[in-house]
Every structure is written in structure tokens, then in C-alpha cells.
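Reviewing the structure listed below.
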Amino acid sequence: PFTVFCVLCLKHGANLADGLNGLLLGMGLIWLALLAPWLTPQTALLLLPVGGALAVLLAANLRGRLFTGDSGAYMMSSLIGFAAIEAYTSHRGGMPALYLA
């Protein structure tokens with residue numbers, strides 16, 4: 001139940017951060033960069049195109065030409081949240097929970 005609560009809080013916080021240009025997409029890139037060393041090779045390979053797409057979207061978002069909206073914020077935060085859960089569970093206690101916090 002606590003994990004579900006944390007993912008829902010992440011989704012809500014990401015939706016609120018979407019109001020400023022560059023904030024949500026920049027945080028998404030930073031979160032992916034911080035999670036990358038802990039991800040399994042299969043997950044990292046799946047999230048590599050997501051990081052590239054975030055970088056392209058960030059360039060348009062900083063110019064004010066793109067707004068991700070609710071769906072984009074929910075999708076990105078869900079991907080980050082589930083990738084964090086996968087990274088934590090795949091290392092069987094090797095990744096400190098405080099790192100995710």
C-alpha cells in the first residue's frame with residue numbers, strides 16, 4: 001500500500017510541475033539519469049528511447065511550443081515510478097530505499 005501511495009504522489013506532483021516550461025521534462029531526464037546505474041540492461045534498453053524523446057520534447061517545451069498536459073505528465077511519472085520499483089526490487093536490497101526518496 002505504501003508503494004502505491006508513493007506512485008500516486010509522484011503522479012500528482014508531476015502533474016503540478018508541468019505548469020512551468022522545462023520543469024517536468026527536465027526532472028524526468030534527471031530521474032532517468034539517476035536511475036540508469038540501477039536498472040537492469042533490459043529495462044535500460046527500453047527506457048533509452050524514452051530519455052531521447054524527453055530530450056527532444058524538452059527543447060520544444062523550453063521554447064513554449066509544447067505542453068505535455070495531464071496525459072503526458074501521468075505517463076512520464078508512471079514510467080519513472082515503475083522503473084524505480086523495478087530497479088529497487090531487481091537488486092534485492094542493494095539499492096537503498098533512501099536513494100529513491
### Query
Does residue 101 satisfy the condition of being open to solvent by less than 100 Å² (accessible area, probe 1.4 Å) and of a type in the set (Gly, Ala, Ser)?
no
#### Entry: Residue list for the stretch 39-65, restricted to those being open to solvent by 60 Å² or more (accessible area, probe 1.4 Å) and either in a helix (DSSP H, G or I) or closer than 25 Å to residue 90 by Cβ (or both)
41, 42, 45, 46, 48, 49, 56, 57, 62
### Query
Any residue in the stretch 75-92 that is open to solvent by 40 Å² or more (accessible area, probe 1.4 Å), in contact with a Lys or Arg (Cβ under 6 Å, 6 or more places away or on another chain) and hydroxyl-bearing (Ser, Thr, Tyr)?
no
### Message
When you check residue 34 against the structure, is it at pLDDT 90 or above and either open to solvent by 30 Å² or more (accessible area, probe 1.4 Å) or outside any helix (DSSP H, G or I) (or both), yes or no?
### Response
yes
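If only one of 68, 3 is surrounded by 17 or more Cβ atoms within 10 Å (Cβ to Cβ), touching a residue at least 12 places away in the same chain (Cβ under 8 Å) and of a type in the set (Ser, Thr, Tyr), which one is it?
Testing whether each residue is surrounded by 17 or more Cβ atoms within 10 Å (Cβ to Cβ), touching a residue at least 12 places away in the same chain (Cβ under 8 Å) and of a type in the set (Ser, Thr, Tyr) leaves just 68.
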### Message
Contact list please: Cβ distance under 6 Å, first residue in the stretch 83-96 and within 21 Å of residue 28 (Cβ to Cβ) and modelled with pLDDT under 85, second residue hydroxyl-bearing (Ser, Thr, Tyr) and surrounded by 17 or more Cβ atoms within 10 Å (Cβ to Cβ), pairs at least six apart or on different chains.
### Response
95/88
### Query
Filter the stretch 6-31 for residues that are open to solvent by 90 Å² or more (accessible area, probe 1.4 Å) and assigned to a helix (DSSP H, G or I); which is farthest from residue 96 (Cα to Cα)?
16
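The values are calculated or read from the model by the stated rules, or taken from the named source; none is laboratory data. Quick caveat, the model's predicted, so the values are computed rather than measured. Cβ atoms come from the backbone with ideal geometry, glycine included; neighbour counts cover every protein chain shown. What goes into the accessible areas is simple: the full protein's heavy atoms, side chains included, and nothing from ligands, DNA or RNA. Shrake-Rupley method; radii C 1.70, N 1.55, O 1.52, S 1.80 Å.
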